[in-house]
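Scroll down for the structure; my scribbles are underneath it.
The values are calculated or read from the model by the stated rules, or taken from the named source; none is laboratory data. Note that the coordinates shown come from a computational prediction; the quantities given were computed from them, not determined experimentally. Ideal geometry is used to build each Cβ from the backbone, glycine not excepted, and the neighbour counts take in all protein chains shown. Heads up: the accessible areas ignore ligands, DNA and RNA and are worked out on the full protein's heavy atoms, side chains in. Shrake-Rupley method; radii C 1.70, N 1.55, O 1.52, S 1.80 Å.
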Amino acid sequence: MRWISGWAWRIGGAVGVIWLVGVALMAPPSPSSSSDPRLSQRLQRAVQELDVLKKQNDDIRQVLQDFTKQVSYINNEGGGGNSQLSASNPAVVAELQKKLEHAQRMLQQADATGDQKQGTSDFTPTLEFEKTRRHVVKGVQESWWYISDQLKQLRKKVEAYGDYTAHIDRILKEGLDHTRVTQLDLKRLSNLDGLGSWREQEAADLSNLVQRRLHALQHPLDCPKAKKLVCNLNKGCGYGCQIHHVVYCFIVAYGTKRTLILKSRGWRYNNAGWEDVFHPLSESCTDPSGYSHSHWPGSNETQVLDLPIIDTLSQRPPYLPLAIPQDISERLIRLHGDPAAWWVGQFLKYLLKLQPKTQEMLDNMSETLGFQKPIVGVHVRRTDKVGTEAAYHSIDEYMGHVEEYYTSLKLQQPDVVKRVYLASDDPSVITEAQKKFPDYTFIGDPNIAKTAAVATRYTDASLKGIIADIHFLSLTDYLVCTFSSQVCRIAYEIMQSLHPDASGYYRSLDDVYYYGGQNAHNQRARFPHTPARSDEMILRAGDVVGIAGNHWDGYSKGVNRRTRQNALYPSYKMEEIVDIARFPSYAEEDKRSGT
């Protein structure tokens, strides 16, 4: 009976796996394994898998024995060798059918477990592997931006020739479809061989490490004697700017190993202070007093330091953004496409823990708005910033990138509902979007946009509105906005704490990611470049270039640190230089937390 031999083979396979796991557990460790910090985790996981496999083997064996007895009874005893008698017995047939279905479920469960084991791995990719994989992803995108821009320029030159323009339009359409499919394949490739599971676990491990350190920093063993850094929340700017100001204070506190004391009473957004909206930064150490007090930079012996805003900071420390800590740099660079944004996101994760009433407000809004995924977040910045800090961008420009996201998503989800969470400081934007794009479901609150106007910006309603906008924008699957906006950048930074790597989950219409008051943002040339035009840069392999911006057409602009030339350069030939800084050791805190 072929199906019995198939089951026997599966059972034999399960027994074989159990035997192999047992041998692995009993085998003496290799000389190098004793230095593997994850050895105990692997052993514990192996024991757990052994238990699961043993139980599945016992269950399948029992089902097989019962089923074999039943068949034997029909063929030899109950049926008396009469196959027609056995087939005509409804009770016997029903019992056999029941056991067959149960056996099938058991085998499916075993197969699913096996598939899950294949999807997880102790394999940790090398740093070069992950960097190269991201270079390919970036290269595909930059290549398409270059090709499409060049074709569009060519189309303008031959507008009088209909056959040529139609041909160019077809190339643009089909070329974009080629790019979408390649990007989808690259995305799938990044999750094969256990890489997706590794990223999930590594992201969780790194985040937990940083959060434990921040908690230890904010809860010193002896608060009256602890070194402290005092930060005044009321910087003279908007909500997004003030939140980034607190993050800057927190990073300096981490870099000086001082407990951050946030002075927020009389906050222009909420007179009751930070703690009325978010959890306090510490439950045990909020007193700014000490035996010695000084303004920044003070000295290492000074107990309490007052920190100025980043714009006026003298003797700038090396650990300001976009720097990341040296002790986690290799792991973070391997894991993430934008390590600096991930690092900032960890401070926001600690800072923006909501008070129950704030959480309830957001939960009610989510239910009222019908917020659900998949959904794209769009933030349209207008009013006081347009024409000064940012250029005007039409809603059509934003929605062009939204449409491209959903067109790509349809390769996997053909019947997807196109939803957009639309946030703006101009209420007319939501009305305009609904009229121009009726095939989209727009989710947003025009009242939030009204409170974001300059005249009503510093009110309780405005505070709730901006908190809600940032919250929902960060929860979207893809973000279309302008990185010149602090609101947009905060949403992007929070995104990094919600995913293993969300560095590609955005499209900015203007700037690349930056942090206000940051240290230099540099890139390095991977290959030389000989200019084809007068406005292009000469590059040698290894040249360091300070980036001013990406033009999203295959070129970026910046200054060559070697030649001082300020010009365009091909984006695809560059790699990011991650700024790595020495922070104080948190080994004792890690030891206390059992890390």
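Do we find a residue being at pLDDT below 95 and exposed (fewer than 15 other Cβ atoms within 10 Å of the Cβ) anywhere in the range 205-218? Show your work before the answer.
As a first pass, look at the range 205-218 and keep what is at pLDDT below 95: none.
Scanning the range 205-218, I find no residue that is at pLDDT below 95 and exposed (fewer than 15 other Cβ atoms within 10 Å of the Cβ), so the answer is no.
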Point to revise | Checking residue 141 against (1) under 20 Å from the mean Cα position of the chain (by Cα); (2) open to solvent by 60 Å² or more (accessible area, probe 1.4 Å), the condition it does not meet | key: (2)
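A quick yes/no check of all residues on (1) within 27 Å of residue 487 (Cα to Cα); (2) in contact with a helix residue (DSSP H, G or I) (Cβ under 8 Å, 6 or more places away or on another chain); (3) modelled with pLDDT under 95:
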| position | (1), (2), (3) |
| --- | --- |
| 257 | no, yes, no |
| 262 | yes, yes, no |
| 276 | yes, no, no |
| 292 | no, no, no |
| 310 | yes, yes, no |
| 326 | no, no, no |
| 338 | yes, yes, no |
| 344 | yes, yes, no |
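Quick check on residue 383: is it modelled with pLDDT under 95 and either β-branched (Val, Ile, Thr) or within 21 Å of the chain's Cα centre (by Cα) (or both)? Spell out how you get there, then give the answer.
Details: modelled with pLDDT under 95: yes; either β-branched (Val, Ile, Thr) or within 21 Å of the chain's Cα centre (by Cα) (or both): yes.
Against the criterion (modelled with pLDDT under 95 and either β-branched (Val, Ile, Thr) or within 21 Å of the chain's Cα centre (by Cα) (or both)), residue 383 qualifies.
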Check your understanding: Within the range 572-595, can you find the residues that are open to solvent by less than 50 Å² (accessible area, probe 1.4 Å), in a helix (DSSP H, G or I) and in contact with a helix residue (DSSP H, G or I) (Cβ under 8 Å, 6 or more places away or on another chain)?
Key -> 589, 590
Review point. Where residues in the range 184-199 are open to solvent by 60 Å² or more (accessible area, probe 1.4 Å) and in a helix (DSSP H, G or I), which of them is modelled with the highest pLDDT?
Key: 185
Practice item. Please identify the pairs in which a residue from the range 202-227 that is among the charged types (D, E, K, R) has its Cβ atom under 6 Å from the Cβ atom of a residue that is open to solvent by 40 Å² or more (accessible area, probe 1.4 Å), counting only partners at least 6 apart or on another chain. Key: 212/593
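Answer yes or no as to whether residue 415 is assigned to a loop (DSSP other than H, G, I, E, B) and open to solvent by less than 50 Å² (accessible area, probe 1.4 Å). Give the derivation first.
Details: assigned to a loop (DSSP other than H, G, I, E, B): yes; open to solvent by less than 50 Å² (accessible area, probe 1.4 Å): no.
No: the conditions fail for residue 415.
Name the single residue, out of those in the range 330-365 being farther than 25 Å from residue 246 by Cβ and touching a residue at least 24 places away in the same chain (Cβ under 8 Å), that is most open to solvent (accessible area, probe 1.4 Å).
First pass over the range 330-365, keeping only residues farther than 25 Å from residue 246 by Cβ: 330-331, 333-335, 337, 364.
When the remaining residues are screened for being touching a residue at least 24 places away in the same chain (Cβ under 8 Å), the result is 330-331, 333-335, 337.
On the way: 330: 109, 331: 74, 333: 29, 334: 31, 335: 0, 337: 34 Å².
Applying the filter and picking the extreme gives 330.
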Review point. For residues in the range 300-329 being of a type in the set (S, T, N, Q) and in contact with a strand residue (DSSP E or B) (Cβ under 9 Å, 6 or more places away or on another chain), which is most open to solvent (accessible area, probe 1.4 Å)?
Key: 326
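Kindly evaluate residue 422 against the criterion of being in contact with a helix residue (DSSP H, G or I) (Cβ under 6 Å, 6 or more places away or on another chain), outside any helix (DSSP H, G or I), modelled with pLDDT of 95 or more and surrounded by 20 or more Cβ atoms within 10 Å (Cβ to Cβ).
Numbers: in contact with a helix residue (DSSP H, G or I) (Cβ under 6 Å, 6 or more places away or on another chain): yes; outside any helix (DSSP H, G or I): yes; modelled with pLDDT of 95 or more: yes; surrounded by 20 or more Cβ atoms within 10 Å (Cβ to Cβ): yes.
For residue 422, the condition - in contact with a helix residue (DSSP H, G or I) (Cβ under 6 Å, 6 or more places away or on another chain), outside any helix (DSSP H, G or I), modelled with pLDDT of 95 or more and surrounded by 20 or more Cβ atoms within 10 Å (Cβ to Cβ) - is met.
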Review point. Mind checking which pairs have a first residue in the range 150-177 that is surrounded by 12 or more Cβ atoms within 10 Å (Cβ to Cβ) and a second that is not in a helix (DSSP H, G or I), Cβ under 7 Å, 6 or more apart or different chains?
Key: 164/158; 165/158; 165/159
Review point. What about residue 235, is it open to solvent by less than 40 Å² (accessible area, probe 1.4 Å), touching a Pro at 6+ places or on another chain (Cβ under 7 Å) and charged (D, E, K, R)?
Key: no
Practice item. Would you check if there is a residue in the range 528-545 being within 27 Å of residue 342 (Cα to Cα), open to solvent by 70 Å² or more (accessible area, probe 1.4 Å) and of a type in the set (Lys, Arg)? Key: no
Revision key, fill the gap. Scanning the range 534-571 for residues that are assigned to a loop (DSSP other than H, G, I, E, B) and either touching a residue at least 24 places away in the same chain (Cβ under 8 Å) or among the hydrophobic types (A, V, I, L, M, F, W, C) (or both) gives 535, 537, 538, 541, 552, 553, 554, 561, 563, 565
**Study point:** Single unsatisfied condition, residue 502 versus (1) open to solvent by less than 30 Å² (accessible area, probe 1.4 Å); (2) free of Cβ contacts under 8 Å to residues at least 40 places away in the same chain; (3) more than 15 Å from the chain's Cα centre (by Cα)
**Key:** (3)
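Can you tell me how many residues in the range 238-277 are in a helix (DSSP H, G or I) and hydrophobic (A, V, I, L, M, F, W, C)? Quick ask: steps written out before the conclusion?
Filtering the range 238-277 down to residues in a helix (DSSP H, G or I) leaves 239-256, 274-276.
From what is left, the residues that are hydrophobic (A, V, I, L, M, F, W, C) are 241, 243, 246-247, 249-253, 274.
Count: 10.
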